[in-house]
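A short worksheet on the structure shown next.
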Amino acid sequence: MKFTITGSGGCVCIPKPLCQCRVCAEAREKGYPYKRCGCSLYLEDCAMLVDTPEDISHALNNADIRRVDNILYSHCDPDHTMGMRIAEQLRLEWLDFYDGKKPESPVNIYAQAGVMKDINKIRSSYGSFMDYYEYMGLVRRFVREEPLLINGVKISFVPVKKDKSVSVFVFEKNGKKLVYAPCDCVPFPEDEIIRDADVLIIGNTVVGDVLKNGKVITSSHPLVKELHTLDGVIKIAEKMSIGKVIVTHIEEDWGKSYDDYLELEKEYDGVKFAFDGMEIIL
């Protein structure tokens, strides 16, 4: 399996608009991998994209992705869904539309029931975006609870036990296993299907105690309850016998540059920090 981290950023892109901090200024000057688009993942074996942040078109171009046939949605938060207009850019040909021709191969949209229900509610004054895209022949929606098999890759949907609907994905092929838990994965679902994974790509992780502008995060800070700590992620990996951890959904608020994360990797065995364009081959 060949994965590309098309976007490694968090709730806002890096550089953050208007921000003149060290990290954002450096990202403007140097470009990728110092720049980060919103959190997303691509699996080449299935021509599959996971989530569509607002800047997904830039992320796809940056990674030179040339085919998308399937999209998985992990949850409905705006930083993971508000680029759903990519469905138009992937399939809509306006000249064909005015000739009465619809796309021959709509993009397949997959999500667990609760996630799909939430996504269907994303709308404008004209109605649900997904309703419109399906009417236009751009997409086909599939609610999925059981594993999905595409081109020899088994994709399992693991729900996170919390008030909102959130999915963690497990990809398996030829004895290799990758788990993708990009956001809202607290508490982490310690499902047996996750055990013995070769790679865990995980977000929702606050990195460090001293963040942007010297902000200090103590053990009583609300973020500690909402997000994983890096030590907590390592404990999850140890408990579930996971080979390697890649931290994604990297927030601009953490106040660290690409070079800072490279230095931090030296302190943690088996932990890497994602960057846009990073490839994982299993």
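The numbers here are math on the coordinates, done by the rules we state, and not lab data. Since the structure is predicted, the reported quantities are computational estimates derived from the model, not experimental observations. Ideal geometry is used to build each Cβ from the backbone, glycine not excepted, and the neighbour counts take in all protein chains shown.
What to note about this one:
- Within the chain, helix-based [θ] at 222 nm, where runs of 4 or more DSSP H residues each add -39,500 (n - 2.57), nearest 500: -6000 deg cm²/dmol
- Region 236-265-region 1-79 distance, computed between alpha-carbon centres (Å): 16
- Cysteines without a disulfide-compatible partner [the chain; Cβ-Cβ under 4.7 Å]: Cys11, Cys13, Cys21, Cys37, Cys39, Cys46, Cys76, Cys183, Cys185
- Cα gyration tensor category, rounded, prolate or oblate, for region 108-265 with a/c compared to 1.5: oblate
- Tensor-based shape of the chain (alpha-carbon gyration tensor, a/c under 1.5 rounded, otherwise prolate or oblate): prolate
- Cross-link pairs beyond the 22 Å C-alpha cut-off, checked among Lys215/Lys256; Lys102/Lys154; Lys162/Lys244; Lys16/Lys164; Lys161/Lys212: Lys102/Lys154; Lys162/Lys244; Lys16/Lys164; Lys161/Lys212
- Among Val179, Val143, Val68, residue whose mean-square fluctuation peaks in a GNM of the chain (springs only between Cα atoms under 10 Å): Val143
- Region 1-45 shape via C-alpha gyration tensor axes, a/c threshold 1.5: prolate
- Residues whose placed amide H lies under 5 Å from that of Lys244, excluding near-sequence neighbours: Val199, Leu200
- With a Förster radius of 41 Å applied to the beta-carbon distance between Lys215 and Glu145, the computed FRET efficiency rounds to 0.50.
- Close amide H contacts of Val168 (hydrogens built in the peptide plane, cut-off under 5 Å, sequence separation of 5 or more or a different chain): Val158, Val160.
- Top of Leu92, Leu49, Leu41 by mean-square fluctuation, Gaussian network on the chain, Cα under 10 Å: Leu92
- Sites count as exposed loop sites when they are chymotrypsin sites (Phe, Trp or Tyr not before Pro), lie in a DSSP loop, and have at most 16 other Cβ atoms within 10 angstrom; the longest stretch of the chain without one is 127-267.
- Amide H contacts of Gly203 (H built 1.01 Å from N, in plane; Pro and chain starts excluded): Ala181, Cys183, Thr248 sit under 5 Å, all sequence-distant by 5 or more or on other chains.
- Of the residues Gly175, Pro103, Gly137, the one whose Cα sits farthest towards the positive end of the charge dipole of region 72-190 is Gly175 (charges of +1 on Lys and Arg Cβ, -1 on Asp and Glu Cβ, taken about the Cα centre).
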